Every structure is written in C-alpha cells, then in structure tokens.
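Have a look at the structure below, then the notes.
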Amino acid sequence: MERERLAEFLRTRREALQPEDVGLPRGHRRRRTGGLRREEVAALSDMSTDYYSRIEQQRGPHPSEQVLAGIARGLRLSLEERDHLFRLGGYATSRRVRRADHVNPGMMRIFDGLDGAAAQVVSDLGETLRQTRLARTLLGDETGYSGMARSLHYRWFTDPDARRSYLPEDHAAHGRLLAADLHRAYTRDGASSAAAAVVGTLLAASPEFAELWQKHPVPGPYCGPKRIHHPQVGLLELHCQVLVDPDQSQLLQVFTATPGTESHEKLQLLSVVAGQQI
C-alpha cells in the first residue's frame with residue numbers, strides 16, 4: 001500500500017469534482033474547497049466521514065477492496081482510475097518479467113502482416129521496438145536511441161527535438177498523455193522498476209513533468225487523434241488505433257487517415273516515398 005500517494009490521488013480526484021457532477025446541491029454556504037467536501041465523498045461512498053478522512057489524511061487501517069470500490073464509485077472514477085486506485089491500495093495485478101528489446105511472438109505475427117501500413121510496436125515505457133517503412137517515413141526512425149533516451153516519455157520532456165512533429169498547441173495534451181502512461185507503468189511495477197528510474201530522472205530534470213506528476217494523471221482507454229507535421233507533405237490528421245499485448249508490456253500502434261481526405265492522400269504519398277527507400 002502506498003499510503004501517501006493513495007491520499008494524494010483521492011484528494012486530487014475529490015477536488016476535481018463539483019456537487020453538480022454527482023447530483024448534489026451546491027447550497028448557499030460558502031465552500032472552502034474547490035471541489036467536493038470529504039463528508040460528501042464519504043456519503044457517496046457509503047462510509048463514515050471519519051473513516052474516509054483518515055484514509056485521505058494517511059491515517060487509519062488498510063482499506064479493504066470493498067472500501068476502495070465504494071470510494072471509486074463515490075468519486076465517479078473511470079475504469080482506468082479505479083484500477084489505479086486499487087494498485088495504490090496494495091491490490092496490484094501480478095507482475096511479469098519483461099525483456100525490453102524483444103517483441104512478443106503474437107505481436108510480431110500481427111506486425112508482420114502490416115508491412116504497407118504506418119505501424120510500430122512500442123513498449124509501455126515508450127521505447128519503439130519495431131517500425132514499418134511507412135512508420136519510419138512518417139515519424140522518423142525511433143529505434144536507434146540508446147539508454148534512457150530510448151523512451152519517448154523521457155525524450156519528450158528533455159529534448160526539444162522530440163516535439164518537432166507536433167503542433168505547439170498540441171504539446172500540453174501530448175505531454176499529459178505521456179506522463180499518464182508513465183504513471184500507469186510506475187504504479188504497476190513499483191519503486192524498483194525501469195519506469196521508476198525514468199520517473200526519478202524526469203522529476204529532477206523537468207519542472208513540466210514534475211507538475212504533471214503531482215496531478216496523478218491516469219490514461220484513457222485509447223490513443224486519440226493525432227496531428228503530425230511532416231517536412232515533406234505538411235500537416236496530417238491521423239487516427240491512432242492501438243492493440244495491447246495480453247501482458248500489457250507492449251502496444252501495436254497503427255496510424256490511419258480517413259479515406260477521401262487530404263491527409264489520406266498525403267499518407268499514400270508517403271507510402272510511395274517509403275517504398276522507394278527499400
């Protein structure tokens with residue numbers, strides 16, 4: 001159980017909710033907090049105010065799974081946030097030993113059938129393990145880095161060149177997504193993991209990352225639309241489809257464009273360019 005981080009997570013999610021979000025009246029009494037009061041969360045979670053307060057104040061007994069389920073319901077947590085809450089409470093899923101340079105066999109078989117697509121296999125630390133020719137043409141070769149720089153999560157917050165393909169107005173959202181991905185890996189694998197090493201380095205090196213980390217970011221269930229600026233064809237508006245390996249250590253990302261759009265034509269042009277580079 002990570003008592004301090006559990007308390008911080010509950011506080012951030014409580015302060016992010018307004019009474020109207022959970023069907024409660026705001027009332028006329030001035031609110032000292034920016035979000036819900038502890039007694040409101042306790043009522044929504046079917047527990048006493050004292051019991052909930054002790055958890056948020058890092059006191060009291062180890063909460064049971066039933067208690068955490070009630071809090072998740074009361075705070076209207078998403079499935080991803082609920083899983084995160086349970087891990088912080090000491091009910092983590094079992095860990096598996098991973099080889100960071102090895103693409104899992106099932107993932108590799110699928111990847112081999114996507115030669116003409118913009119696809120890549122990425123580890124949960126943002127390390128690009130394999131790219132198709134079109135993916136390299138679209139995004140650049142991301143497999144040649146060494147050390148901690150193999151992780152896009154690390155490069156994004158330490159190397160300005162890592163952001164060159166993304167529009168400036170999209171940087172903040174993309175940074176939040178990468179911080180959330182790293183937060184998930186850290187919570188799952190613990191303080192002695194490779195994710196923890198990246199986190200420790202970034203907390204010391206990047207004020208931007210440190211600020212995001214304190215907010216306990218939790219990723220959503222999918223990879224959203226992306227706007228990528230390519231030096232040869234300009235702006236492409238793409239969809240990112242993701243296949244997650246069963247042990248959640250690797251992701252297969254496939255970038256597509258809506259047929260009939262300018263972005264689709266540009267992606268087809270890049271496919272021709274990629275074919276000429278064989």
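Any read-out appearing in this document is the output of simple, stated calculations on the displayed coordinates, not a laboratory observation. These figures come from a predicted structure and were not determined experimentally. Quick reminder, even Gly has a Cβ in these numbers, built from the backbone with ideal geometry, and neighbours come from all protein chains shown.
Assorted remarks:
- Just one of the listed residues (GLN232, GLN248) is surrounded by fewer than 16 Cβ atoms within 10 Å (Cβ to Cβ), in contact (Cβ under 8 Å) with a residue 24 or more places away in the chain and under 13 Å from the mean Cα position of the chain (by Cα), and it is GLN248.
- Residue ID - surrounded by the fewest Cβ atoms within 10 Å (Cβ to Cβ), chosen from residues in the stretch 1-26 that are assigned to a helix (DSSP H, G or I) and aliphatic (A, V, I, L, M): VAL22
- Hits in the stretch 178-223 - residues which are in a loop (DSSP other than H, G, I, E, B) and polar (S, T, N, Q): SER192, SER193, SER206, GLN214
- Checked against the criterion of being out of contact with any helix residue (DSSP H, G or I) (no Cβ under 6 Å at 6 or more places or on another chain), surrounded by 14 or more Cβ atoms within 10 Å (Cβ to Cβ), closer than 15 Å to SER123 by Cα and aliphatic (A, V, I, L, M), the candidates LEU152, LEU182 yield just one match: LEU152.
- In the condition set (1) surrounded by 14 or more Cβ atoms within 10 Å (Cβ to Cβ); (2) under 19 Å from LEU114 (Cβ atoms), GLU262 is compliant with all but (2).
- Some residue of the stretch 214-229 being touching a Phe, Trp or Tyr at 6+ places or on another chain (Cβ under 6 Å) and of a type in the set (Gly, Ala, Ser): no
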